[in-house]
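We did not get these values from a lab; they are worked out from the coordinates using the rules stated. Because the structure is a prediction, the values reported are computed rather than measured. Cβ placement follows ideal geometry from the backbone for every residue including glycine, while neighbour counts extend to all protein chains displayed.
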Amino acid sequence: MAEDEQQHGPQGAVERLASRVGEAVGAVVELERPKDPSHGDFATNVAMRSAKAIGRSPRELAEELALKVV
C-alpha cells in the first residue's frame, strides 16, 4: 500500500482515531491485521484499553468507534 493511501485511507483513519482515543485516556493502543480474514481488515485493542477509563462497555465503545471510521 502506498504511503499516501495508508495515511488517508481506512487504515489511516483507524490509526488516527485509535491514537486519539488512546492518548485521551493514557492507553497504549495497537493496530494489526487479524490472522483470520473473516475478522475484518484491522483489529485494535483501543476499546478494551479505553472503556474502563471512560466508564463504558468495550463493546459499546467499539461499535461507536467503528461508526466513526466508516
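Over the chain, what relative contact order in percent results from Cα pairs under 8 Å that are six or more residues apart? Numbers along the way, then the final one.
Numbers: 63 pairs, mean separation 18.8, N = 70.
Dividing the mean separation by the residue count of the chain yields 27 percent.
Roughly how big is the chain's charge dipole about its Cα centre, with Cβ charges of +1 (Lys, Arg) and -1 (Asp, Glu), in debye to the nearest 20? Provide the component values of the computation, followed by the final result.
Numbers: 9 positive and 12 negative charges, 81 e Å.
So the dipole magnitude of the chain works out to roughly 380 debye.
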Original post:
In the Gaussian network model of the chain, springs joining C-alpha atoms below 10 Å, which of Ala53, Ala27, Ala18 carries the largest mean-square fluctuation?
Top reply: Ala53
Original post:
Tell me, what HN-Hα J-couplings in whole Hz come from the Karplus equation 6.51 cos²θ - 1.76 cosθ + 1.60 at θ = phi - 60° for each residue of segment 42-56, using x for Gly and Pro?
Top reply: 9, 10, 9, 9, 4, 5, 5, 6, 9, 4, 4, 5, 10, x, 10
**OP:** Write down the Å³ per residue value for the convex hull defined by the alpha carbon atoms of segment 23-70.
**Re:** 81
